[in-house]
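Report on the structure given below.
Every number in this text was worked out from the coordinates using simple rules, so none of it is lab data. None of these values were measured; they are calculated from a predicted model. Here the Cβ positions follow ideal geometry from the backbone for every residue, glycine too, while neighbour counts run over all protein chains shown.
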Amino acid sequence: MELKYKPDFEQARIRWRHFWNKELYKRPILMAGCYKKGVRKQFHDVFSLRYYRAYNGLWQQQIDLFNEWAECFDFLGDGVPSLSPDFGPDQFAAFYGANLRFSEQSKHTSWAEPIIDDWDKFLPLKFNPLNETFQKLLAYTRFIAEDARGKYLVSDIDRHSNIDALLALRGAEKLCMDLYDRPEIIEKAMLKLRKDFPLISDMLYKAGIDNSGLGTTVSWTSGFYSEKKFSVVQADFICMMSPEMFRKFVLPALEEEIEYYDYSYFHLDGPGALKHLDDILSIRKLSVLQWQPGDGQKPNFQWLDILKKAQKAGKAVHVFGNSMQPLTAEIVKKLHKELEPALVVYDGICIENRKEFENLSSWLEKN
């Protein structure tokens, strides 16, 4: 089976199949890419305004830009090309009535204006499948799925469900106070979000994220792929919560979301979230941990203590660099001596051409 932009898609599928079974197939999962020989055009705006174009109906423009870029790009290794029908990180809150906003000065992302001022007047939370934003998202998903056939895959959205949805609906300061002053209200709201999650997810999959049975990918994690139901689970607000509050209000929601998927990936964001690492690693069905150190921190690949701890707990790890310290082939070779190869994904490897990638791949197979 082939995709136009990934002629070796079938080989990648085989490797990912072994990865999810915690088996090593010749070498660890590697994801890298470079422009094809002779390409001179710059493609700075393909993804920078993707939320803005999506939400404002510039769908054909976004798809045309993506296809032009993908034609010129060499997807090396195991990353699978995909496009997400994303409206931005607060879109889950929009499903419950919040309005998404863009600034003319920063169109690269969107945010939701909090709409919960009085819990007693607002509750119960109501998800209406006919919600305008949700219906627009479903339509955009179908639009991408039609174009994607035989070329690339439709990837999942950046969900920010559970406590992050409450954060967008209520606002950070008020939500922090609510955890102390109205814990019973937060618990009630979280229960409703948890109940709605499978319904929302099922509708998104049927709209096209299941890729007609080919499997699922997540674009913002660089082309992770699974033949079965898979996505990222996250809760960025937990950096502001105590372990006790996390276990009471958020951990049950994460466990249920992870249970919904065949395979899952937890995005742990920032040093403030590390206090919850043991609880997250204790989730039996969690497949992969992504540790995102955050701005101003050393790159992900230098946190060997966290990476090894996750692997010891039976989880695979997502390893990558940052703009200041990219993940090079030499760094991958050094990490190969430290990390369990069946439980690691090396992503965004800095290479110049296909030959450099093939040399690294061959070295890993031999070693």
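Give the angle, between 0 and 90 degrees and rounded to the nearest 10, that separates the Cα long axis of helix 183-204 from the longest principal axis of the Cα atoms of the chain.
Around 50 degrees separate the two axes.
Could you work out the equivalent-ellipsoid semi-axes for segment 8-122, taking the square root of 5 times each eigenvalue of the Cα gyration tensor, largest first, in whole Å?
Rounded to whole Å, the semi-axes are 35, 23, 10.
Please give me, ordered by residue number, the trypsin sites (Lys or Arg not before Pro) of segment 231-304 that lie in loop per DSSP and have at most 14 other Cβ atoms within 10 Å.
The qualifying sites are Arg284, Lys285.
Per residue of the chain, what 222 nm ellipticity follows from adding -39500 (n - 2.57) for every DSSP H run with n ≥ 4, rounded to the nearest 500?
Values: 14 runs with 143 residues, N = 367.
After summing the helix terms and dividing by the residues of the chain, the value is -11500 deg cm²/dmol.
Any chance you could run the full-extension gain for Lys337 through Val39? It's 0.36 nm times the residue separation minus the Cα-Cα distance, nm to one decimal.
103.7 nm
Quick check on the chain: of the DSSP beta bridges with both residues there, what percent are antiparallel, nearest 5%?
Counting only bridges with both partners in the chain, antiparallel ones make up about 35 percent.
I'd like the trypsin sites (Lys or Arg not before Pro) in segment 62-145 restricted to DSSP loop residues with at most 14 other Cβ atoms within 10 Å, sorted by number.
Those that pass, being in a loop and sparsely packed, are Lys126.
Shape verdict for segment 34-317, please, from the Cα gyration tensor: rounded (a/c under 1.5), prolate (a/b greater than b/c) or oblate. Spell out each step's value before the answer.
Details: a/c = 1.68, a/b = 1.25, b/c = 1.34.
Since a/c reaches 1.5 but b/c is at least a/b, the shape of segment 34-317 is classed as oblate.
Build a GNM of the chain with springs between Cα atoms under 10 Å: which of Asn21, Asn162, Asn322 gets the top mean-square fluctuation?
Of Asn21, Asn162, Asn322, the most mobile in the Gaussian network model is Asn21.
Relative to the longest principal axis of the chain, what angle (0 to 90°, nearest 10) does the C-alpha long axis of helix 172-181 take?
The angle comes out at about 60 degrees.
Just want the ordering: Val39, Val233, from fewest to most Cβ atoms lying within 10 Å of their own Cβ.
Val39, Val233
Which GluC sites (Glu not before Pro) in segment 76-174 sit in a loop by DSSP (not H, G, I, E or B) and have at most 13 other Cβ atoms within 10 Å of their own Cβ?
Within segment 76-174, the qualifying GluC sites (Glu not before Pro) (loop, at most 13 other Cβ atoms within 10 Å) are Glu104.
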